[in-house]
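Some notes on the structure that comes next.
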Amino acid sequence: MTAFELRHFYARPLWLCTTCEELWPCPEAQRLLLAEFDGKRLHLRLLMGMYYSDALNDLTDYMTERAQYQALNKRFFGWLSQPQIPLKNSKP
Ligand SMILES: [Zn+2]
């Protein structure tokens, strides 16, 4: 089991982080995912696409404005292009 599976995972239906209770993927979940999919960014993008689809199904009842859909898209995909962020406890 990876560190990502143990911590900073989503809780449905609101898609909040199970550890820090921020909107998922929280910054730490993003760091863990980027580390876990190092060199396999396309796989990460596909995985986030599946999560995004599930989140859309769960959150549609709570979203009434176009801006909310845009924010959800940015939340799931906006961070994928950033360079990898080192884990807090990782050694150089
Ligand atoms: Zn978190």
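The values are calculated or read from the model by the stated rules, or taken from the named source; none is laboratory data. These figures come from a predicted structure and were not determined experimentally. Positions of Cβ are backbone-derived with ideal geometry, glycine not excepted, and every protein chain shown enters the neighbour counts.
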The lone exception for residue 21 - which of (1) modelled with pLDDT under 95; (2) in a loop (DSSP other than H, G, I, E, B); (3) within 21 Å of residue 71 (Cβ to Cβ) it fails: (1)
The listed residue being out of contact with any helix residue (DSSP H, G or I) (no Cβ under 6 Å at 6 or more places or on another chain), in a helix (DSSP H, G or I) and at pLDDT 95 or above, out of 34, 56: 56
Sole exception among (1) within 14 Å of the ligand (Cβ to nearest atom); (2) at pLDDT 95 or above; (3) closer than 14 Å to residue 76 by Cα for residue 49, by number: (1)
Residues of segment 1-18 that turn out to be among the acidic types (Asp, Glu) and either in contact with a helix residue (DSSP H, G or I) (Cβ under 8 Å, 6 or more places away or on another chain) or at pLDDT 95 or above (or both), as a count: 0
Breaking point among (1) within 11 Å of the ligand (Cβ to nearest atom); (2) basic (Lys, Arg); (3) at pLDDT 95 or above, for residue 74: (1)
